[in-house]
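Please treat every number below as a calculation from the coordinates, not as lab data. What you see is a predicted model; the values in this text were computed from it and never measured. Positions of Cβ are generated from backbone atoms using ideal geometry, with glycine treated the same way; all protein chains shown enter the neighbour counts.
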C-alpha cells in the first residue's frame, strides 16, 4: 500500500489528467524541481508534487490527522519566435491560455472529496493559486510557470 501522501497526490494527478486544454500537455507525479527551465518545447508539463512537510497529529484515540498539501505546477517553454520583435515580450495570445489553464486546474480541485482512496478519506480543506504566472521565468527562461496548491485533510485509522 502506498503512503497516505502519495495516495492523495495520485488522486490529484488523476483529476488533472482528466482535464482538457487547448494545448498538448503531459502530467506526472514526482518530486522534481519545479523552478528549473524545461528543455522540451513541444508540450506543456504539469507536475503534481506532494509537499515535503505534511502536518501530522493525533486526531482521535484511534486515528491520525494528516494535512496534506499537493502542488500542481504548469510549465510551458516557448521559442524565441513567439516573442515580439520590438520589445521581446510574449504575445498575450500565447500566455492567456496558460493563465486560463492554471485557473481551471484550481477550480477542478476546489472543492473535491476523494472518497475513492481506500483506506483513507481525503477531504478538501483549501486551495490557493500560488502563482498565476511567474514573470521572472518568462524573462529568464522564455517559460510560463503557474502554481496551484491544494490542501486536504486525511484521517487515517491506527493499524
Quiz item: For the residue pair residue 35 and residue 58, what label-to-label distance in nm results when each label sits 7 Å from Cα along the Cα-to-beta-carbon direction?
Solution: 3.7 nm
Quiz item: What Kirkwood hydrodynamic radius, in Å, does the chain give when the mean of 1/r is taken over all pairs of distinct Cα atoms and then inverted?
Solution: 16.6 Å
Quiz item: What angle do you read, to the nearest 10 degrees and between 0 and 90, between the alpha-carbon axis of helix 4-17 and the longest principal axis of the chain?
Solution: 40 degrees
Quiz item: Given 0.36 nm per residue, what is the gain on full extension from residue 51 to residue 93 after removing their alpha carbon distance, in nm?
Solution: 11.9 nm
Quiz prompt | Gaussian network model of the chain, Cα within-10 Å springs - most flexible of 23, 114, 78 | solution = 23
Self-check item: Choice from 137, 147, 71 showing the highest fluctuation, given a GNM over the chain with Cα pairs closer than 10 Å
Solution: 137
Exercise. Would you mind calculating the gained length between residue 115 and residue 155 on full extension (0.36 nm times residue separation, minus the Cα-Cα distance), in nm to one decimal?
Key: 13.2 nm
Exercise. Specify the residue with the greatest mean-square fluctuation among 29, 61, 139, computed from a Gaussian network of the chain linking alpha-carbon atoms under 10 Å apart.
Key: 61
Quiz item: To the nearest 10 degrees, how steep is helix 92-108 against the longest Cα principal axis of the chain, on a 0 to 90 scale?
Solution: 10 degrees
Quiz prompt | Label point distance in nm, residue 104-residue 125, each placed 7 Å from Cα along Cα→Cβ | solution = 2.9 nm
